[in-house]
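Accompanying notes for the structure given below.
The values are calculated or read from the model by the stated rules, or taken from the named source; none is laboratory data. This structure is a prediction, so every number in the text was calculated from the model and none was measured. When we count neighbours, we look across all protein chains shown, and the Cβ atoms used for this are built from the backbone with ideal geometry, even at glycine. Accessible surface is based on the protein model in full, side chains and every heavy atom, while ligands, DNA and RNA are left aside. Shrake-Rupley method; radii C 1.70, N 1.55, O 1.52, S 1.80 Å.
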Amino acid sequence: MGQWETDAGNRVMEVELKRYRYVAALLFLGMGVLLFFILNVCIGSVDIGVADIVKALTGQIQEETMARILWDIRLPRAAAALILGGALALAGYLLQTFFNNPIAGPFVLGISSGAKMAVALVMVFLMGRAVRVTSAAMIAAAFLGAMLSMGFVLLLSRRIQGMSMLVVAGVMIGYICSAMTELVVTFADDADIVNLHNWSRGSFSGMTWENVRTMAVVVFLACTAVFLLSKPLGAYQLGDAYARNVGVNLRLLRICLVVFSSVLSACIVAFAGPVSFVGIAVPHLVRKLLCTTEPIWMIPACFLGGSVFCLFCDLLAKTMFAPTELSISTVTAVFGAPVVLWIMAKRKRGA
Amino acid sequence: MEQYYFSTSNLCVGYDGRPLIREMEIALPRGEILSLIGPNGAGKSTVLKSIAGQLQLLGGAVYLGKDSLTEMNGKALARKMSVVFTEKVRAELKSCRDVVATGRYPYTGWFGLLSGEDQRIVDEAMELTRVTDIRERDFDRISDGQKQRVMLARAICQEPEIVILDEPTSYLDIKYKLEFLAVLQELRERRGLTVIMSLHELELARIISDRILCLKGAYVERYGTPEEVFETGFIKGLFDIDEDSLSGNERLLAYVRRIGA
């Protein structure tokens, strides 16, 4: 009896300890987001101290240019990196769960490229007619493009076995979409090209508050919906048969996964252009940090992790070779691609 | 018909619309154990997957009591029936305890958080299948036999009325095979658990089963009590072997030598 009680006590403690670890990891990531957000606001072509920021935001400062820099450039850009980075990492996590494939992500599966193609088409078409393109219209176009690519990937995934082949198929779809985008750009007007070129390289610069508001609403809604799905997602991780056995509505869950991962991917492409590797690398690193795959912890942790990663990369992108800015994908690839190689090397037997 | 807990009527099962086994009539009272035996490829797994609602039925119906399985909603069915299949389970970074705890899914709330009572049931199930000592190990890093016992614990903590097991003993050594039988007996007596499983070990099937279903070819070859099924000559026909080889060590050895040569 005494033995049984100590055992039970141990088990309760194990569960408690794990929970502490998850909470600590979330706090750690949260602090990271805060830190890099502040750094992103402070550092740039003009360095601004934290005290000045507080003054500027509370309206105590008279210097017009500094307030303008903060309010019109730094803050929306940092907010965009925070929101879109989180969305991107979460989209990657959903796709990895859906395909049971650790190197799936919106970029390698061609979903970002599909969204990019649709957005390029819409931009060239509408700008050619001097119509202003709203944020909502961009998201809608990107979503349609993302769903189109996703449809092809899904069709192929029924015929393809093995995680590497699926990724190769996704990369091919990505190339097709990129080729179409190039075609559109080639025949676009000069003025459009400049616009398109900047965007299609991927960047968090040039965000307006209207952009930020729209993306915040869409990403917030999608993330909340995904978080509410964490229970069936956890059961789904054990495979179809056991998920069905405990009463998961598999068809509905799959549709939700496809739609939400496409919405999140579309959101990033619509505003920042294609950003590579965040979707694969961040969920993997976060999994290692938490030592769990439980979605109820992984979903918030992935979001925070993606935010930290993108804020960090954006900081490097704008400061490393200042005043020349790097595209965000250049930096994310440098840090993200090695993680992908590491995953593949570790899994070579199971591939 | 109504006194049976589990029954099928004119059941036809198979893959991709191609019928494999037709006209299955099974009737099983509550708390009985039914074993499926038959040669490899006879369709044991197909039958089990079909009656567990994992494969589309090609004809006929499966009943739990009076309710047709295809008309029950997922959650209601999940509280009555649990399964252990032979497919590899992917469970990256999940501890054995996490895997077992997924069996509580039909009972937990919207976010799937386990109550103290759920935790207790999970621990009890793990105790029963002797996997308590590996509860914190990574599920991907334990042996196949241990996995089988963890998956059995998962099925038990789902608190089912009927459990469907596909070759639940294939990776177990002799000690755990016997323990497995003891666990089934205990659950049958304590909770009136009904069991349908496929077994390769004919002797185990003979000891534990109340009924045995023999599969071979497109129809059920025989359905009855172990005494009826294991009568002389029948097993020989079922597996196309010389039945004399099943009794007597020397003959068995001689037989093994013959096929080895």
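Side notes on the structure shown:
- Helix B:249-260 axis, angle to chain B major axis (alpha carbon atoms, nearest 10°): 90 degrees
- Cα pair distances of region A:2-350 binned at 20 Å [whole percent]: 29, 55, 14, 1, 0
- Each other residue within a Cβ distance under 12 Å of B:Leu193 adds +1 if Lys or Arg and -1 if Asp or Glu, for a net charge of 0.
- For A:Ile38, net neighbour charge (Lys/Arg +1, Asp/Glu -1) across residues whose Cβ lies under 13 Å away: -1
- Spacing of the modelled spin labels on B:Asp144 and A:Val133, each 7 Å from Cα toward Cβ, amounts to 5.6 nm.
- Legend: residues in region B:97-145 shielded by at least 50 square angstrom of accessible surface upon adding the remaining protein chains to the isolated chain (1.4 Å probe, heavy atoms) are B:Tyr105, B:Trp110, B:Phe111, B:Arg135, B:Glu136.
- Residues A:Leu155 and A:Met344, FRET efficiency given R0 of 30 Å [Cβ-Cβ distance, rounded to 0.05]: 0.75
- The distance separating the Cα centre of region A:206-246 from that of region A:262-295 comes to 12 Å.
- Each residue of region B:51-61 was assigned a 3J(HN,Hα) from its phi angle through the Karplus curve 6.51 cos²θ - 1.76 cosθ + 1.60 (θ = phi - 60°); the sequence is 6, 8, x, 8, 10, 4, 6, 8, x, x, 8 Hz, with glycine and proline shown as x.
- Rounded to 5, percent antiparallel among DSSP beta bridges of the protein assembly as shown: 50 percent
- Electrostatic bookkeeping for A:Phe204 treats Lys and Arg as +1 and Asp and Glu as -1; over the other residues with beta carbon under 13 Å from its beta carbon, the sum is +2.
- Expected 222 nm ellipticity per residue - DSSP helices of 4 or more, -39500 (n - 2.57), all of the protein assembly as shown, to 500: -19500 deg cm²/dmol
- Inter-label distance, nm, simple model (7 Å from Cα along the C-beta direction), A:Trp209/A:Phe187: 4.1 nm
- Against chain B, whose longest principal axis comes from its Cα atoms, helix B:116-128 is set at around 30 degrees.
- Going by accessible surface with a 1.4 Å probe and the largest first, B:Glu221, A:Glu294 read B:Glu221, A:Glu294.
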